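**Q** One structure follows; several queries about it will come next.
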Amino acid sequence: MITVADALARLFTLVSPLGPEEVPLRQANGRVLARDVKAARNQPPFAASAMDGYAVAAQAIKAGQHFDVIGEAAAGHKWEGGVGPGQAVRIFTGAPLPDGTDHVIIQENVTRNGDVITLDDSPSDNAYVRPAGADFRTGDIIEAPRLLAPSDIALLAAMNIATVPVTRRPVVAIIATGDELVQPGETPGEDQIIASNSYGLAALVENLGAHARLLPIARDNTASLELAFDLAADADLIVTIGGASVGDHDLVGDVAQAKGMQRSFYKVAMRPGKPLMAGRIGKAAMIGLPGNPVSAMVCGHVFLAPVIRKMLGRSADPAPREVLPLAKNIAANGPREHYMRAHAGPEGVTIFDRQDSALLTVLADADCLAVRPVHDPARTAGDMIEIIRL
């Protein structure tokens with residue numbers, strides 16, 4: 001068996017960031033920017049008023065000064081003429097400053113009588129002007145890689161970037177294996193269960209920004225598994241669930257190797273998730289996950305998620321961890337790193353008593369995994385512990 005850290009390091013060597021593709025701006029949210037992009041204009045493109053008021057020349061400002069109002073400027077409707085001494089233009093937020101002005105007197109600081117305004121004695125040290133290019137200038141760069149959020153989409157739109165280079169989404173083929181499985185909605189036999197793992201992993205994969213392809217359940221025979229691998233041959237990543245152990249019906253490893261898989265490792269010193277397998281088969285990386293539902297999902301968070309992030313062009317790092325206090329005492333850990341279902345609340349991290357790897361209800365109630373190192377001693381409430389958010 002190898003350590004979790006070693007397994008993750010080997011997994012990273014199996015994949016590389018995928019190539020770029022151009023997508024419309026409306027489809028770029030949640031994608032990873034693949035190349036640097038440059039602003040195509042200044043923002044603001046002109047000196048603009050930051051408030052409603054009157055545009056004047058700053059040097060003419062003094063308490064009690066009178067100005068003749070000669071026109072009006074609004075957003076999208078600039079004042080075309082010039083503004084001379086003793087003149088002002090009524091201006092609204094976002095409008096370009098007229099020629100001959102560099103200051104906006106806010107409307108609260110004047111009195112108006114017809115077309116004449118009179119300044120009060122309020123301080124005039126704030127110009128209420130947004131200079132041209134104050135936000136960004138033509139040629140300013142958004143650097144890749146970057147996971148694009150809604151605020152980035154707004155910025156790209158303001159930069160007049162209509163199509164965005166993003167990393168292609170990895171295609172992840174998910175193969176559930178086992179004679180005991182039926183699809184949700186079907187009627188299972190007395191000795192069968194519902195294939196839940198593949199649906200949870202598909203949701204995880206898609207939340208990460210990849211495209212999940214759920215293949216038909218592969219039965220515990222060579223022909224069915226060979227067909228499943230053939231159907232997955234054009235994927236970027238093949239994920240199998242179950243059948244990777246050493247029982248008489250666990251055939252995934254043998255069939256994968258017959259298909260040309262170059263194995264990287266098999267078995268990891270962790271709980272749950274020991275029978276983990278990885279390698280390359282054809283053009284795809286392959287990860288063989290355990291069949292127990294919680295084991296498969298935990299390995300999805302610990303291994304699959306970081307691998308997909310790398311394929312998307314993001315950094316090759318383990319799942320982010322936090323350090324929080326324990327809410328109650330816990331016993332010593334054994335010889336394998338343990339990822340325990342837990343809840344992080346105001347009182348600290350509460351590790352659930354039931355940790356059986358078949359209990360999906362416990363996993364559904366968890367919002368984090370508490371990470372116990374190998375031979376971690378007994379801990380008391382208040383001790384700090386690392387967690388991975390789910």
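The values are calculated or read from the model by the stated rules, or taken from the named source; none is laboratory data. Computed from a predicted structure; not experimentally measured. Positions of Cβ are backbone-derived with ideal geometry, glycine not excepted, and every protein chain shown enters the neighbour counts. Note: areas computed on protein heavy atoms with side chains; ligands, DNA, RNA excluded. Shrake-Rupley method; radii C 1.70, N 1.55, O 1.52, S 1.80 Å.
**Q** Suppose the filter is in contact with a Ser or Thr (Cβ under 7 Å, 6 or more places away or on another chain) and either surrounded by 16 or more Cβ atoms within 10 Å (Cβ to Cβ) or not hydrophobic (A, V, I, L, M, F, W, C) (or both); does residue 174 pass it?
**A** So residue 174 fits the description; yes.
**Q** Another question about this same structure. In region 50-70, is there at least one residue being on the phi > 0 side of the Ramachandran plot and more than 45 Å from the chain's Cα centre (by Cα)?
**A** yes
**Q** For region 278-296, name all the residues that are in contact with a Gly (Cβ under 6 Å, 6 or more places away or on another chain) and open to solvent by 30 Å² or more (accessible area, probe 1.4 Å).
**A** Across region 278-296, the qualifying residue is only 291.
**Q** Cβ-Cβ distance below 8 Å, separation of 6 or more or different chains: which pairs start in region 332-351 with a residue that is under 14 Å from residue 379 (Cβ atoms) and surrounded by 12 or more Cβ atoms within 10 Å (Cβ to Cβ) and end on one that is modelled with pLDDT of 95 or more and of a type in the set (Phe, Trp, Tyr)?
**A** 340/352; 342/352
**Q** Where in region 290-367 are there strands (runs of 3 or more DSSP E), lying fully within it, with 1 or more residues that are under 30 Å from residue 251 (Cα atoms), touching a strand residue (DSSP E or B) at 6+ places or on another chain (Cβ under 8 Å) and not small (Gly, Ala, Ser)?
**A** Once the strands (runs of 3 or more DSSP E) in region 290-367 are filtered for at least 1 residues that are under 30 Å from residue 251 (Cα atoms), touching a strand residue (DSSP E or B) at 6+ places or on another chain (Cβ under 8 Å) and not small (Gly, Ala, Ser), what remains is 337-345.
**Q** If I filter region 25-57 down to residues being touching a helix residue (DSSP H, G or I) at 6+ places or on another chain (Cβ under 7 Å) and assigned to a loop (DSSP other than H, G, I, E, B), which single residue comes out as surrounded by the most Cβ atoms within 10 Å (Cβ to Cβ)?
**A** It comes out as 28.
**Q** Can you name every residue in region 174-218 that is farther than 23 Å from residue 294 by Cβ, among the charged types (D, E, K, R) and at pLDDT below 95?
**A** Selection gives 190 alone.
**Q** Only residues that are in contact (Cβ under 8 Å) with a residue 24 or more places away in the chain and exposed (fewer than 12 other Cβ atoms within 10 Å of the Cβ): list them for region 67-86, please.
**A** Result: 85, single match.
**Q** What single numbered condition from (1) open to solvent by 10 Å² or more (accessible area, probe 1.4 Å); (2) more than 27 Å from the chain's Cα centre (by Cα); (3) at pLDDT below 95 fails to hold for residue 252?
**A** Going through (1) open to solvent by 10 Å² or more (accessible area, probe 1.4 Å); (2) more than 27 Å from the chain's Cα centre (by Cα); (3) at pLDDT below 95 one by one, residue 252 breaks only (1).
**Q** Check region 266-277 and report whether any residue there is open to solvent by 10 Å² or more (accessible area, probe 1.4 Å) and either within 21 Å of residue 216 (Cα to Cα) or among the acidic types (Asp, Glu) (or both).
**A** So far as region 266-277 goes, no, none of its residues is open to solvent by 10 Å² or more (accessible area, probe 1.4 Å) and either within 21 Å of residue 216 (Cα to Cα) or among the acidic types (Asp, Glu) (or both).
**Q** Let me ask something else about it. Search region 90-124 for residues being among the small types (Gly, Ala, Ser) and out of contact with any strand residue (DSSP E or B) (no Cβ under 8 Å at 6 or more places or on another chain), and hand back the single one that is surrounded by the most Cβ atoms within 10 Å (Cβ to Cβ).
**A** Among those that are among the small types (Gly, Ala, Ser) and out of contact with any strand residue (DSSP E or B) (no Cβ under 8 Å at 6 or more places or on another chain), it is 122.
**Q** Any idea which of 214, 225, 201, 208 is open to solvent by 60 Å² or more (accessible area, probe 1.4 Å), under 30 Å from residue 251 (Cβ atoms) and either without any contact (Cβ under 8 Å) to a residue 60 or more places away in the chain or under 26 Å from the mean Cα position of the chain (by Cα) (or both)?
**A** Sole residue among the options that is open to solvent by 60 Å² or more (accessible area, probe 1.4 Å), under 30 Å from residue 251 (Cβ atoms) and either without any contact (Cβ under 8 Å) to a residue 60 or more places away in the chain or under 26 Å from the mean Cα position of the chain (by Cα) (or both): 214.
**Q** Among the residues of region 353-374, which ones are surrounded by fewer than 16 Cβ atoms within 10 Å (Cβ to Cβ) and not small (Gly, Ala, Ser)?
**A** Within region 353-374, 353, 354, 356, 360, 361, 365, 367, 373, 374 meet the criteria.
**Q** Could you tell me whether residue 332 is in contact with an Asp or Glu (Cβ under 8 Å, 6 or more places away or on another chain), within 25 Å of residue 375 (Cβ to Cβ) and among the hydrophobic types (A, V, I, L, M, F, W, C)?
**A** Yes; evaluated as a whole, the condition is true for this residue.
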